[in-house]
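Step one of this worksheet: look at the structure below.
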Amino acid sequence: MSLKGRTLFVTGASRGIGKAIALRAAADGANIVIGAKTTEPHARLAGTIYSTAEEVELAGGKALPLALDIRDEVAVAKAMSQAAEHFGGIDILINNASAISLTGTLATPMKRFDLMFGVNVRGTYVCSQAALPYLLRADNPHILNLSPPLNLEPRWFGNHVAYTMSKYGMSLCVLGMAEEFRGKVAVNALWPKTTIATAAVEMLGGEALMSSSRKPTILADAAYLILTRPRDLTGNFFLDEDVLRDLGAVTDLSGYAVKPGAMLTPDFFV
C-alpha cells in the first residue's frame, strides 16, 4: 500500500520525529496537516510549521500548516474541521507532540507537571477524540501514538515519575481505543529502542548523547510500515527495530546512526 492521497494530521510536526514522519509520507504524495505551536523561528529550536510545510511540498506532498495548541479542545476541533474540509477528510492521526521533564518528585514544579499531562495525556486524548469522527469515515484509518510500551516495573518510574505517568497515559489511550474501535480504526504505539537525535535529546545530554543516538528517520520508516498496513493491525506497542525487521525485512540499521560505529544509548523506557 501507499500513502499517496492520504491525509495525515501530525501533531508537533515542526521539527524532530513528527517532521520526519511527515516527510516520509510526503514522499508518497500524501497530504500533511502540520499541527504545532511554533510559527516564528526560535533561537534554539530549528523549524516552524511553515518551514516544515515548504519541505513537505518539496518532498512531493501537499501541506496545510496550522498553528495549534493541542491542550485547547476548541482549537483542536477547529483544526480537524479545517483539515477535513481542505483535504476532503482525515485518514491518519499521529499523536507525536510531547512535553518532557526527567525530574524527580521534589524537582518537578506543578506548572511542569501540568504541562506534561496537558500535552501528553490530555492533548493525545483530545486530538484522538476530535479526529475519530473523520477517521471512522476513512478507508484505512490509523491512530499512531509516539509512546512507550506499558511496563509497571518501578525502575521506569523512580527517577521521573511525573513524565513516566504522562507518557504511559498516551499508551493507555492506545490500549483502550484499540479495543473500543477494533475493526474500525487501527490504534498503535511506536517507540524507539535507542535515543533519537532530537532537540529534546540535545537539551538533555548535549553533543555526547546526540552522537550516540539514531536519526529520526528510523521512526519515520517504522511509522510508514505501520500506516500502510490494514486496520486490523491494532493494539500494538511497537519498537522501531522490531517493525523494520518484522514488517520491512530490514536487518542493517547502521545507516540510521548519527555517528557511524558509535555505541548507541538505549532509550529511557527500553
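Throughout, read-outs are computed from the coordinates displayed, never taken from laboratory work. Computed from a prediction, not measured in an experiment: that's the story for all the values here. Please note: Cβ atoms are built from the backbone with ideal geometry, for glycine as well, and neighbour counts cover all protein chains shown.
Couple of notes before you dig in:
- Near the amide H of Asn31, within less than 5 Å, lie the amide hydrogens of Gly5, Arg6, Thr7, Leu8, Lys62, all on another chain or at least 5 residues away, with H placed in the peptide plane.
- Extension gain from Met263 to Leu150, taking 0.36 nm per residue of separation minus the Cα-Cα distance: 38.1 nm
- Additional length obtainable on full extension of the chain from Ala77 to Glu54, 0.36 nm per residue less Cα span: 5.8 nm
- Of the residues Gly60, Gly176, Gly47, the one that moves most in a GNM of the chain with alpha-carbon contacts below 10 Å is Gly176.
- For the chain, adding -39500 (n - 2.57) for each run of n ≥ 4 DSSP H residues and dividing by the number of residues yields -12500 deg cm²/dmol at 222 nm.
- Subtracting the Cα-Cα distance of His42 and Leu233 from their residue separation scaled by 0.36 nm leaves 64.9 nm.
- Antiparallel DSSP beta bridges within the chain, percent to nearest 5: 5 percent
- From the coordinates shown, Kirkwood radius over Cα pairs in Å corresponds to which of (1) 23.3; (2) 19.5; (3) 18.4: (3)
- Cleavage-rule hits (chymotrypsin sites (Phe, Trp or Tyr not before Pro)) in region 214-266: DSSP loop, at most 11 neighbouring Cβ within 10 angstrom: none
- Cα→Cβ-extended label distance, 7 Å offset, between Lys111 and Val270, nm: 3.4 nm
- Within straight-line reach of Lys167, meaning a Cα separation under 30 Å, sit the following lysines at least 8 residues removed in sequence or on another chain: Lys19, Lys37, Lys78, Lys111, Lys184, Lys193, Lys215, Lys259.
- Within region 110-263, percent of DSSP bridges classed antiparallel, to nearest 5: 10 percent
- Screening the chain for whole DSSP H helices of 27 Å or more along their axis (Cα) with average Kyte-Doolittle hydropathy at least -0.5 returns 161-180.
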